[in-house]
Amino acid sequence: LQLELFDQREPRLHHLLAKHPQGSLELRLKLVHADFRFAALLLQLTSLQPEVLDLLIAHPSASQVSYPLTGHPQLSQAQQAQLHALKQRNFDLGLLQNPNLTLDLQRAYAQRQPDLRSVLARNPGLALELIAQLARDPETVVRLTVASRKRLPEDVQAHLATDPKPAIRAALMA
């Protein structure tokens, strides 16, 4: 019956089924297969079964929900690595903002293009070693992003305070 009602595309039912705390794994998987718009509602839940996240990652329309998917708090290390391996910019940008991004992926992204390194520098879960590394980045935009972080280790602040670019020194004072 739930599937029949869902097929009628009743938006309120989509919402109720997605938010139901006892929603069965089988029903959720069927609903995602029936209509991928249901995925966006599911991703609003903080508690999702790993199988649902696996299905969403593997779904051909996964890029339509890339930000809530890549930022989901229950994304496992393996799932993060799987999304990273897809080498799609929207997945990269979402993963870079995930405060639970694994250290291995943080290190991998720290070697990528300057715009991605700059996004990584904003990540609240960024490892201290990478904050220090990005503070010495050859690209001004990356160092500026590091200097704009709220809390910086003293050695990083001291290094950035001597940066040749006035904008970076000014960002430390803000």
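The values are calculated or read from the model by the stated rules, or taken from the named source; none is laboratory data. Note that the structure is a prediction, hence the values are computed from the model and not measured. Quick reminder, even Gly has a Cβ in these numbers, built from the backbone with ideal geometry, and neighbours come from all protein chains shown. What goes into the accessible areas is simple: the full protein's heavy atoms, side chains included, and nothing from ligands, DNA or RNA. Shrake-Rupley method; radii C 1.70, N 1.55, O 1.52, S 1.80 Å.
Quick notes on this structure:
- Amide H contacts for GLU139 (H built 1.01 Å from N in the peptide plane; partners 5 or more residues away or on another chain; cut-off under 5 Å): none found.
- Selection among ASN98, TYR109, SER76 by position relative to the dipole of region 61-127 gives TYR109 as farthest towards the positive end (Cβ unit charges, Cα centre).
- Figure note: LYS150, LYS87, LYS165 ranked by solvent-accessible area, largest first, 1.4 Å probe, ligands and nucleic acids not counted: LYS150, LYS87, LYS165.
- TYR67 accessible area, 1.4 Å probe, all protein chains in place, Å² to nearest 10: 120 Å²
- Rolled with a 1.4 Å probe across the full set of protein chains, the surface gives GLU129 an accessible area near 100 Å².
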